[in-house]
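Every number in this text was worked out from the coordinates using simple rules, so none of it is lab data. Note that this is a predicted model, so its numbers are computed, not measured. Cβ placement follows ideal geometry from the backbone for every residue including glycine, while neighbour counts extend to all protein chains displayed.
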Amino acid sequence: MNIVQEFSRFAKQYDTYNIIQSDVAKKLVSIIDKRDYSSILDIGCGSGLIYKNIVDNNISFKHFTAVDFSMEMLDIHPSSKDIEKIHF
């Protein structure tokens, strides 16, 4: 089974077991100095941990692009009018 199928197959349980990814997302967002962006691109966005931490840290943006190779992961990523989801 290839990696895309594995991520897709376990997308709904992903946030239950991704403790390291969660910690990394928090750390990455915590070191961002600027608080306002016109665009943010998240490649390999998964379930949206970077997005969620950006919102939790009051970092503003006009447009957020979430890219992932798993459609199932994009399905559980938060959605809004400011988010563009790209399956790649």
Item to check | Cα gyration tensor shape of region 32-79, rounded if a/c is under 1.5, else prolate or oblate by comparing a/b with b/c | outcome: prolate
Checklist outcome for this item: Counting only residues 5 or more apart in sequence or on a different chain, those whose built amide H sits under 5 Å from that of LEU41 are THR65
Checklist outcome for this item: Amide H proximity to ILE86 below 5 Å, modelled H, separation 5+ or other chain, gives ALA66, VAL67, ASP68
Item to check | In region 33-76, the trypsin sites (Lys or Arg not before Pro) that fall in loop regions by DSSP, at most 12 other Cβ within 10 Å | outcome: LYS34, ARG35
Item to check | Karplus-derived 3J(HN,Hα), 6.51/-1.76/1.60, for each residue of region 22-33, Hz, glycine and proline x | outcome: 5, 5, 5, 4, 4, 5, 4, 5, 5, 9, 6, 7
Item to check | Within-13-Å neighbourhood charge of SER39 [Cβ basis; K, R +1; D, E -1] | outcome: -2
Checklist entry - How much net charge surrounds HIS87 when only other residues with a Cβ under 12 Å from its Cβ are counted (Lys, Arg +1; Asp, Glu -1)? => result -3
